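The values are calculated or read from the model by the stated rules, or taken from the named source; none is laboratory data. Values in this document were obtained by computation on a predicted structure and should not be read as measured data. When we count neighbours, we look across all protein chains shown, and the Cβ atoms used for this are built from the backbone with ideal geometry, even at glycine.
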Amino acid sequence: MALIYLSLGSNIERHMRIGAALDALAEHFGELILSSVYESDSVGFQGDNFLNLVVGIYSESSLSEVSITLKQIENDNGRDRSAPRFGPRSLDIDILTMDAVSGEVDGIQLPRDEVLKNAFVLLPLAEIAPDAKHPITGLSYADHWQSYNKDKQKLWPVPFTWQGKNITG
């Protein structure tokens, strides 16, 4: 069974879409490993702030089957696939890592390059998997976060309630 980390983001009906995505992920994959929820400015375009978090799931499915499920969850939450790459999103779910795999698997590049580029991915990943090692650099996500230029992108934790619990620590 593989441990897969996902990045979730939304800047359209943010609370509703993230909550619905977590419900669907729990329904498909069972128990979830959840980071805190962070708010951040949009990156690459002018737009409303995003809510972001990282979720760990366990799956015996192939990565392509997981990807199909994630795309369906995005579609169920109003994802407009004709929209520009850098633009508002009802829901964006990206596969970040799968165990310690690096390279292309089922057409998906692992680890996703945004892991080390974007604070809204790296900080929540370092929060829930601080000692896990980046498959290419061999450094822990906590070490990567320590050396990240925190002036590059601003983000801040926000209260978020899912299934009656505040998941932001």
Residues (outside any helix (DSSP H, G or I) and of a type outside the set (A, V, I, L, M)) located in the range 54-71: G56, Y58, S59, E60, S61, S62
Residue in the range 132-152 that is in a strand (DSSP E or B), touching a strand residue (DSSP E or B) at 6+ places or on another chain (Cβ under 7 Å), surrounded by 13 or more Cβ atoms within 10 Å (Cβ to Cβ) and touching a residue at least 24 places away in the same chain (Cβ under 8 Å) present: yes
Every pair of residues 6+ apart whose Cβ atoms lie under 9 Å, when the first sits in the range 11-36 and is closer than 13 Å to Q163 by Cα while the second is among the small types (G, A, S): M16/S10; I18/G9; I18/S10; A21/S10; L32/A26; L32/G56; L34/G56
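Within the range 90-123, work out how many residues are assigned to a strand (DSSP E or B), among the polar types (S, T, N, Q) and touching a residue at least 60 places away in the same chain (Cβ under 8 Å).
1
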Test: residue in the range 2-14 that is in a strand (DSSP E or B), over 16 Å from the mean Cα position of the chain (by Cα) and at pLDDT 95 or above: yes
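Within the group L91, L70, L96, L53, which residue is within 24 Å of E27 (Cα to Cα), among the hydrophobic types (A, V, I, L, M, F, W, C) and at pLDDT below 95? Working first, answer last.
On the way: L70 fails: at pLDDT below 95; L96 fails: at pLDDT below 95; L53 fails: at pLDDT below 95.
Matching residue, one of L91, L70, L96, L53: L91.
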Residues of the range 83-131 that turn out to be touching a strand residue (DSSP E or B) at 6+ places or on another chain (Cβ under 9 Å) and charged (D, E, K, R), as a count: 9
